[in-house]
Amino acid sequence: MLTVADIMKHTYRMKSAGQQILELARTQGLIRSRDISAQGLPRIALTRQVRDGQLVRVDRGLYALPNRQSSEHSSLAEVASKYPEGIICLLSALRVHELTTQSPFEVWLAIPHKGRAPKIDYPPLRIIRFSGKALTEGIEEHSVDGVTVKVSNVARTVADCFKFRNKIGLDVALEALREAWDSKRTSMDELWRYATILRVANIMRPYMESLS
């Protein structure tokens, strides 16, 4: 039989766990239920905070403070929280780098060639597979809504656009190349490097030469 002292101790532990979870949400922006377990905190504390309105359920297994300030790239933060190994690429990366006026409704995500595609209810994903240097080179980290998001850099993104021109359109690739060059966001050496890695050097060469 539980004593009053036992109940008070349990209440204190739950309150302390709740405070730790809220602090985690403040520092990370988005938290996953598995983050709670990794911290040795009881998931029941998370459930109670959602019930009490201290946290809101953003998606399955993903939570945030109810007054969280989100950016236009909040969907990228949600994807990175659920699948941190993924790399934001192509149209989504163009948007991050402000190299296009398009606003894709899907998140374009690069994963290993033989990797298992993440199962995410929202936002919708467009999976692109890479291997070797084509997967690991030219990746930078951005902080979006307190979440670390991997994004292909400017030069790499432009080369990707030519690599997948049949998926996104050659006009998009040409626009990205022109915008990146005119805004001095990249150099010929960088473009050539990633064009070589992605095996589109011969395709990009005439367009690159027209810029110089």
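Quick note: the coordinates plus some simple rules give every number you see, no bench work behind them. Fair warning: this is a prediction, and the values are worked out from it, not measured in the lab. In this analysis, Cβ positions are derived from the backbone assuming ideal geometry, glycine residues included, and neighbour counts consider all displayed protein chains.
Here are a few things to note about the model shown:
- Relative contact order [Cα under 8 Å, 6+ residues apart], the range 76-156, whole percent: 36 percent
- Gain upon complete extension [SER183, ARG26; 0.36 nm per residue less C-alpha separation]: 53.0 nm
- Rel. contact order, % - alpha carbon contacts under 8 angstrom, at least six apart, the range 150-212: 41 percent
- Helical contribution to [θ] at 222 nm, DSSP H n ≥ 4, -39,500 (n - 2.57), averaged over the chain, rounded to 500: -14500 deg cm²/dmol
- ARG185, ARG205 arranged by Cβ crowding within 10 Å, fewest neighbours leading: ARG205, ARG185
- With a simple spin-label model that places each label point 7 Å from the Cα along the Cα-to-Cβ direction, the separation between GLU98 and THR136 comes to 3.3 nm.
- Going by neighbour counts of Cβ atoms within 10 Å, the residues SER187, SER33 line up, fewest first, as SER187, SER33.
- At an R0 of 35 angstrom, the distance between the Cβ atoms of ARG57 and SER210 translates into a FRET efficiency of 0.10.
- Net charge dipole, the chain: roughly 860 debye, given to the nearest 20, about the Cα centre with Cβ charges of +1 for Lys and Arg and -1 for Asp and Glu.
- FRET efficiency for LEU170 and GLU85, using Cβ-Cβ distance with R0 set to 35 Å, rounded to 0.05: 0.70
- Prolate/oblate/rounded call for the chain, Cα gyration tensor, a/c under 1.5 rounded: prolate
- The mean sequence distance of close C-alpha pairs (under 8 Å, at least 6 residues apart), as a share of the length of the chain, puts its relative contact order at 16 percent.
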